[in-house]
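Engineer: First, the structure itself, so that you have it in front of you.
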Amino acid sequence: QVHLVESGGGLVQPGGSLRLSCAASGSIFSINLMGWYRQAPGKERELVAGVTRGGITKYADSVKGRFTISRDNAKNTVYLQMDSLKPEDTAVYYCNTEPPLGYWGQGTQVTVSS
């Protein structure tokens, strides 16, 4: 099993930025699709961004133009650069494969003040 540990969350003001990191315990080179998910209070977990091994990306409409997903296969790490943050972005953010594995990490909390 690959263990994924998210970090980088915190409290920011609207319009601010955060950079989330997802560190894998093993190689992610053979994993084609990696993604970032989030779950806001009272809502279902949703996919916000995905990236292929070759660097092809996709984004949910709600974050397109503001978030950037990337991966460093050599470092076994996936990143999510979040800019122009809005209160609606407040959620716990998780990384996982696409489709997701049968388990999740603890995630990292992102809170955007209003």
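Engineer: Rounded to the nearest 0.05, what FRET efficiency do SER114 and GLU46 have when you use their Cβ-Cβ distance and R0 = 22 Å?
Structural biologist: The formula returns an efficiency of 0.60 here.
Engineer: Express the carbon and sulfur contribution to the solvent-accessible surface of the chain as a percent, rounded to the nearest whole number, probe 1.4 angstrom.
Structural biologist: Ligands and nucleic acids excluded, carbon and sulfur give 51 percent.
Engineer: Further question on the same structure: Name the chymotrypsin sites (Phe, Trp or Tyr not before Pro) in region 56-114 that are in a loop by DSSP and that have at most 12 other C-beta atoms within 10 Å, would you?
Structural biologist: Passing both the DSSP loop test and the Cβ count: TYR103.
Engineer: Here's another thing I want to ask about it. How much length, in nm to one decimal, is gained on full extension between ALA23 and ALA74, taken as 0.36 nm per residue of separation minus their Cα-Cα distance?
Structural biologist: This chain segment gains 17.2 nm when fully extended.
Engineer: Also: What is the calculated FRET efficiency for SER30 to SER84, with r their C-beta to C-beta distance and R₀ = 22 Å, to the nearest 0.05?
Structural biologist: Given R0 = 22 Å and the Cβ-Cβ separation, E is 0.05.
Engineer: While we're looking at this one, here's another question. Assuming a strict under-20 Å limit between Cα atoms, what lysine pair count do you get for the chain once near-sequence pairs (fewer than 8 apart, same chain) are dropped?
Structural biologist: Lysine pair count for the chain: 4.
Engineer: Step by step: find N for region 1-82, compute 2.2 N^0.38 Å, then divide the Cα radius of gyration by it. What's the final number?
Structural biologist: 1.10
Engineer: Please calculate how many Å² of accessible area the chain carries per residue, with a 1.4 Å probe and no DNA, RNA or ligand atoms counted.
Structural biologist: Roughly 53 Å² per residue, with all protein chains present.
Engineer: Plugging the Kirkwood radius over Cα pairs into Stokes-Einstein for region 35-82, at a temperature of 20 °C and a viscosity of 1.002 mPa s, what D comes out in µm²/s?
Structural biologist: D, rounded to a whole number, is 189 µm²/s.
The values are calculated or read from the model by the stated rules, or taken from the named source; none is laboratory data. Computed from a predicted model, the values in this text were never measured in an experiment. Positions of Cβ are generated from backbone atoms using ideal geometry, with glycine treated the same way; all protein chains shown enter the neighbour counts. The protein model used for the area step is the full one, side chains on, heavy atoms only, and it has no ligands, DNA or RNA in it. Shrake-Rupley method; radii C 1.70, N 1.55, O 1.52, S 1.80 Å.
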